[in-house]
Every structure is written in structure tokens, then in C-alpha cells.
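Only one structure is covered here, and it is reproduced in the block below.
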Amino acid sequence: MANLEDAVKAAWKAIDEDGSYATELTRKLVRIPSVNPKFISDARQNRESAVQDLVQSELTSIGMSVERWDVFPDRPNVVGQIGGAEERSLLLCGHIDTVPIGERSSWSVDPFGGEIIGGKLYGRGAVDMKSGVAAAIGAVRAICAAGIGLQGRVAIHSVVDEEAGGFGAIDAVKRGHLAKAAIITEPSWGEIQICEGGLEWIRITITGRQGHSAWRYNEIWPQRDGPDRLRPAVNAIDIAARFLDALRNFESSRCRNRQHPLLPPGMNTFNVGAMRAGAGLGPDGLPLIMTNPAIVPDVAVIDLDYKFLPNQRQEDIRSEFEAFVHHFCQQDLWLQNNPIRVEWELGGLHFPPIDTSPDHAIVQSLMKRRTQLGGKSKIAGVTFVTDGGHYAGAGVDAVICGASGDGFHGTDEYVDIASLKETTKTLAATIIDWCGVK
């Protein structure tokens, strides 16, 4: 079957003939709770391995060779592939871990029931993103059912731990599971999302000098300096307050001067996510004493979530930020001798950006096929991060294309069933376009 359009029609026909496949697979996946154990430790909810059993069975049934390994104990990745030429290789990636359900009473449906109401399939992970995994499998399954031979290698990556940093995808990349292009099947609401900003987690450690609170006046009020003067303490929280004020000014100037045409102004921000201060620095990098206000604190630890633009490089944003910290320290005699410490990749977390050209063949195929199917697609960017960043950081041209829905990271999560079928067809057509047919 050498004609691409005939191959696409045959794949779409196979999807129509088994129109409920992706929906029913999503339903089965939702009914196996796979809450990331880094958020809640509960054997009844932490069933990623059981989800991957189902995924592996589906991949094997359509003739894909399968590799499975544990990223963390009992938390496996599954990669299925059909061999072909590397220059036309494509991977489709989705994660099977979910966030917790929150308060059960706030759901109007069973969070793990997979109920279908009014054209919507409900449940935790329905749109984020077990439906994306199901759509990828359904697309390849239809191609195989139609007897279409692909020239390029196609792979499906079903990974763990995206919700806590993407360490499943990171491990897949480290093991060499790459391709020329990647489609991340996160929800995209009809858009073809070609860019996302990078993300860094940073720890800032400010050190002062301990003292008794009764002598704080000696630290902040002008004193006669002499041999009999008590050595002044240095309050790390005071320094932290000044640092955060300077950081806000740095953030503001950086946002005003740099923007990306597909992202909202100001998305390149610092979020001050956690701050702990007290006396003494423990082996875990946090203050030892945080409950005694009678001590002038000598440690302040600030954890930052730092988003940068798709067209910025990691080495540039890091050197720029470190220069800002250095210049801040140079304005204070204490900090000149006791500079603020900057720790990158806190918890091992770092998401490279995605910045794929709108003219890329994979983007153009997705746009064309979605339009053919009656969608009103557009090229866009995303403000959150996905596993696509890890593949992009390894040189893979990545885009995001998935179904529509709502309630992700909230209550009554659902995926729109019509969009799930349309996404499955779009993916099947683009696999054929990109990989080519024999």
C-alpha cells in the first residue's frame, strides 16, 4: 500500500469499525488506580504496575516488541515498537501516573469508575492522561489492523512519574529510547502545541550568624564599635526578605524584555514555592531549629520554581541568574564573605524547553489531518511542562497533541469521547505521513 492517502483512509476505516476501542481502553486504565506514590502511599491506589500490565498486553497483541523495566521499585516503564528506518522514526509518549483524587466527597462520580455520562468519560487520569496512552495504542493498532507496513520505526512509550518530575521519561531517554520526532499525547484541546518553556527547581541557601534575640538591637541599631561590643548576629530572614524583593525586580525586568509569540506575556516567572528558616543547618540542607523565635536565625532556605522561555538555553538562564545572585551579594559586606549558595536541579528536576518549528513536517501533518477531520486546529504553546521536554533536550523534535477534557488535577476529571476518537484518527494519519508506507 504505497499511497499515503489510501493508507490513511484504511486506518480511519479500521478505527471506525472498532469505534469504542480507545474509549474502552481508557475506561479500563482509569479503573486501575495509579496515583503517584510520591504523593500518597497506598497499595490500593499505587497500581502503576497493574496499569502497565494492561498496556503491555495491548502492545503485544498488536505485534509490537516490548521492553519493560522498573524506574523505581514496582514502577515500570513500558516501551513497545515496530521496527523500521531510523531517519523516519517516531515515538508517541504518555504517562500513566496520576495526581491524588483529593477529597472524595467533592467528586460527583466514582474517581476510579470510568463512568460515561453525556459523551464524557469520567475518572482520575481520564484526560491527564490515560486517554492519550489509549489514543496512541489505538492509532498503531488501526494501522496494523489495516495491514499497513510502515517504513519508519514507530514506538509507544508508556512512562511513570511524570507528575513528580518526569523521571520515567528521563530514564527512557538515558536508555536511548529516542526517535527523530515525538508526539506527546497530553490533552491539547484541538491545538497542536509546538513549544513549552523550560523549568528549573532551585534551592537558595542564605547563611547568617546566630545570636540571642535579646541582643537584636546590637545588630540593627547604630552602636559604638569597640572591644567590649558583643559580636552582632546576622539575621538570615532579614537577608532573605531583601533577596526576595530584589528577585521580584529581576523577574519583572526579565519578563518585560523577553516574550515568546505563542505564550502569554510574563509566563517566564519565579515561583517562591517554599521557605524555611531557623537556627543551624542540618544534613538535609534545611534548618535544624524552626520553632524558637528567641534565636536570631542563621539559615534561610528558599526553593524556587523557575520557568523560562522555549527559545532560551539552559546555560544562558543559569549564568544570568547566578550573575544576579552574585551582584546582590556584592552589595552587602556580610554576603561578600558569605555568599548565597545556589543549587540547581533540586530533587533532580529539570525540564528542557520545547521549541519546534511550525513548519516542521510533523506539525504540518497534525494540522492537516485534524482539519480534514473537521477540527479547527491551531498552532499554540503551553505554559506547563510535559515529558516532551526531556525528549527535546535529547535532540528529538517534540510536539503535543491530545484530546479535550477538564478536571485535571481537580475533581470530576473527564475526557471528551468524541475528541478521543478524533485524536486517535489524527495520530494514525500522522504516523503514516511521517513514517511512510511500504
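The values are calculated or read from the model by the stated rules, or taken from the named source; none is laboratory data. For clarity, every value in this text was computed on a predicted model and none was experimentally measured. Here Cβ is always computed from backbone atoms with ideal geometry, including for glycine, and neighbour counts include all displayed protein chains.
Take residue 19 and tell me if it is modelled with pLDDT of 95 or more and surrounded by fewer than 16 Cβ atoms within 10 Å (Cβ to Cβ).
No: the conditions fail for residue 19.
Residues 226, 176, 168: which one is over 17 Å from residue 93 (Cα atoms) and either of a type in the set (Gly, Ala, Ser) or touching a Cys at 6+ places or on another chain (Cβ under 9 Å) (or both)?
One residue alone meets the criteria, 226.
Answer yes or no as to whether residue 136 is of a type outside the set (Phe, Trp, Tyr) and outside any strand (DSSP E or B).
Yes, satisfied.
Suppose we keep only residues that are without any contact (Cβ under 8 Å) to a residue 40 or more places away in the chain and under 29 Å from the mean Cα position of the chain (by Cα) within segment 321-351. Which one would you say is surrounded by the most Cβ atoms within 10 Å (Cβ to Cβ)?
Looking at residues that are without any contact (Cβ under 8 Å) to a residue 40 or more places away in the chain and under 29 Å from the mean Cα position of the chain (by Cα), I get 322.
Scanning segment 47-60 for residues that are more than 10 Å from residue 76 (Cβ to Cβ) and in contact with a strand residue (DSSP E or B) (Cβ under 6 Å, 6 or more places away or on another chain), which turns out surrounded by the fewest Cβ atoms within 10 Å (Cβ to Cβ)?
So the residue we want is 60.
Does residue 316 satisfy the condition of being loosely packed, with under 13 Cβ neighbours inside 10 Å, acidic (Asp, Glu) and over 19 Å from residue 242 (Cα atoms)?
For residue 316, the condition - loosely packed, with under 13 Cβ neighbours inside 10 Å, acidic (Asp, Glu) and over 19 Å from residue 242 (Cα atoms) - is met.
Which one of 89, 34 is polar (S, T, N, Q), at pLDDT 95 or above and within 17 Å of residue 140 (Cβ to Cβ)?
Only one candidate passes the filter, namely 89.
Got a number for residues in segment 102-150 being of a type in the set (Phe, Trp, Tyr) and within 16 Å of residue 55 (Cβ to Cβ)?
Counting residues in segment 102-150 that are of a type in the set (Phe, Trp, Tyr) and within 16 Å of residue 55 (Cβ to Cβ) gives 0.
Looking only at strands (runs of 3 or more DSSP E) that lie completely in segment 239-328, which have at least 2 residues being hydrophobic (A, V, I, L, M, F, W, C) and under 14 Å from residue 207 (Cβ atoms)?
270-281, 299-308
Only residues that are more than 19 Å from residue 59 (Cβ to Cβ), hydrophobic (A, V, I, L, M, F, W, C) and assigned to a helix (DSSP H, G or I): list them for segment 10-35, please.
10, 12 - these are the residues of segment 10-35 that are more than 19 Å from residue 59 (Cβ to Cβ), hydrophobic (A, V, I, L, M, F, W, C) and assigned to a helix (DSSP H, G or I).
Examine segment 153-174 for a residue that is modelled with pLDDT of 95 or more, within 15 Å of the chain's Cα centre (by Cα), in a loop (DSSP other than H, G, I, E, B) and more than 30 Å from residue 287 (Cβ to Cβ), and state whether such a residue exists.
So far as segment 153-174 goes, yes, one or more of its residues are modelled with pLDDT of 95 or more, within 15 Å of the chain's Cα centre (by Cα), in a loop (DSSP other than H, G, I, E, B) and more than 30 Å from residue 287 (Cβ to Cβ).
Residues to consider are 382, 363; find the one that is of a type outside the set (Asp, Glu), touching a residue at least 60 places away in the same chain (Cβ under 8 Å), closer than 30 Å to residue 103 by Cα and in the same structural domain as residue 14 (by TED's automatic domain parsing).
Criteria check complete, one pass: 382.
Among 115, 162, which is the only one that is surrounded by 24 or more Cβ atoms within 10 Å (Cβ to Cβ) and either within 20 Å of residue 405 (Cβ to Cβ) or assigned by TED's automatic domain parsing to the domain that holds residue 424 (or both)?
Going through 115, 162 in turn, just one is surrounded by 24 or more Cβ atoms within 10 Å (Cβ to Cβ) and either within 20 Å of residue 405 (Cβ to Cβ) or assigned by TED's automatic domain parsing to the domain that holds residue 424 (or both): 162.
Please go through segment 201-238 and give me each residue that is loosely packed, with under 15 Cβ neighbours inside 10 Å, of a type in the set (Phe, Trp, Tyr) and not in a helix (DSSP H, G or I), ordered by number.
221
Within segment 120-134, is there a residue that is without any contact (Cβ under 8 Å) to a residue 12 or more places away in the chain and polar (S, T, N, Q)?
Looking through segment 120-134, none of the residues is without any contact (Cβ under 8 Å) to a residue 12 or more places away in the chain and polar (S, T, N, Q).
If I ask for residues that are hydroxyl-bearing (Ser, Thr, Tyr) and either crowded, with 24+ Cβ neighbours inside 10 Å or in contact with a Lys or Arg (Cβ under 8 Å, 6 or more places away or on another chain) (or both), which ones from segment 383-409 would you list?
383, 386, 391
Between 108, 131, which is in the same structural domain as residue 31 (by TED's automatic domain parsing), buried (at least 17 other Cβ atoms within 10 Å of the Cβ) and not basic (Lys, Arg)?
Within the list 108, 131, the selection yields 131.
Which pairs do you get when a residue that is under 10 Å from residue 112 (Cβ atoms), found in segment 26-37, comes within reach of a residue that is assigned to a helix (DSSP H, G or I), reach meaning Cβ atoms under 6 angstrom, with the pair 6+ apart or on two chains?
Taking only residues 6 or more apart or on different chains, the pairs are 30/126; 30/130; 32/50; 32/51; 34/48; 34/51.
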